[in-house]
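**Q** First the structure, then my questions, so here it is.
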């Protein structure tokens, strides 16, 4: 019995010591939750770190620390010299790139992050309109922790399939893959709020263009399969007989949720190259304006055809915009490389083919049901 009591006492003492050690550890370090990179003077890099610090009462405070140096690792050393606590990167959840730096190239920073032993592949990457420093240093009245806020903003839109995913693992894969380019969400400050304003298009690690936030849906529709996504779209009024509408209009606004998709891509001509892209979309209609009676099968068939046509046109438009920017964020080149034997495809070779690429888009849209009551 005494032996068991000794074990219990030893165990309680050990737990107490571990708890003290953890407390002292948290008191001595600053946890970096988000980093912003901007172009500094004479091609230096300017790093802004969002650091969470814990005091002896376990109350946390957020500090914004900026440093400039020739290298990103050098700025980290400088940031440490400006902090009373050792800066740790193990809790890093997001990395932002100022637009000027992104246009000069993010490849070096992606490579450095991937080599960092403390870095998680799930860290989210994004571009900032203007400088990331200005976005992070602004005092937002309704945001206590800017690092946590930005991460959750990106995370919930990615999980809700309203924005493309841009984890470090995914961006690294796209950067090193011949026949595929990087795409990242774009953030901007709108008065006292932060919003996702678009999608940054890259070529060889350099930002070369952008799409609207709404166009992220079409990028993702080509790149991935949807399972829970939501879409608000418009089709032209003349795509449907006016007799179907209670109050005929030159445009019809629709909202779908959820959306489930399945796609099939085929290379039909490797010389051009030319692809056939077949996408099957199934969705529930949540709202339509002006009113159309979707309880009638004939009306539904005509509506499905009009929606499929409109989606095909939108997808073709987004592909064309990306070709103009010479950015293959869809991975057509990756599919070409895996299909054509002995293609010896390189980024340079693929981009020579990409601008002349042709994609025949076909969308088969099926309306599952209307609203939540059917």
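**Q** Of all residues in the stretch 196-243, count the ones that are loosely packed, with under 14 Cβ neighbours inside 10 Å and over 23 Å from residue 254 (Cα atoms).
**A** 0
**Q** Restricting the search to the stretch 205-230, which residues are touching a helix residue (DSSP H, G or I) at 6+ places or on another chain (Cβ under 6 Å) and over 30 Å from residue 138 (Cβ atoms)?
**A** 218, the sole residue that qualifies.
**Q** Applying the selection to the stretch 275-299, what residues are within 17 Å of residue 253 (Cβ to Cβ), crowded, with 20+ Cβ neighbours inside 10 Å and modelled with pLDDT of 90 or more?
**A** Those that are within 17 Å of residue 253 (Cβ to Cβ), crowded, with 20+ Cβ neighbours inside 10 Å and modelled with pLDDT of 90 or more: 283, 285.
**Q** Please specify each residue of the stretch 163-195 satisfying the condition of being crowded, with 18+ Cβ neighbours inside 10 Å and under 24 Å from residue 256 (Cα atoms).
**A** 163, 164, 165, 185
Here's the yes/no breakdown for (1) touching a strand residue (DSSP E or B) at 6+ places or on another chain (Cβ under 8 Å); (2) assigned to a strand (DSSP E or B):
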| residue | (1), (2) |
| --- | --- |
| 311 | yes, no |
| 329 | yes, no |
| 334 | no, no |
| 350 | no, no |
| 365 | yes, yes |
| 368 | yes, yes |
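**Q** To continue, here is another question. Tell me, please, whether a residue that is in a helix (DSSP H, G or I), out of contact with any helix residue (DSSP H, G or I) (no Cβ under 7 Å at 6 or more places or on another chain), at pLDDT 60 or above and more than 28 Å from residue 170 (Cβ to Cβ) can be found in the stretch 52-60.
**A** no
**Q** Another question about this same structure. Which strands (runs of 3 or more DSSP E) does the stretch 178-277 wholly contain that include 2 or more residues that are closer than 25 Å to residue 344 by Cα and in the same structural domain as residue 364 (by TED's automatic domain parsing)?
**A** Strands (runs of 3 or more DSSP E) meeting the threshold: 251-269.
**Q** Also, quick follow-up: Does residue 306 qualify as being assigned to a strand (DSSP E or B), touching a residue at least 60 places away in the same chain (Cβ under 8 Å) and more than 25 Å from residue 182 (Cα to Cα)?
**A** no
The values are calculated or read from the model by the stated rules, or taken from the named source; none is laboratory data. Since this is a predicted model, take the numbers as computed values, not measurements. Cβ: placed from backbone, ideal geometry, glycine included. Neighbour counts: every protein chain shown.
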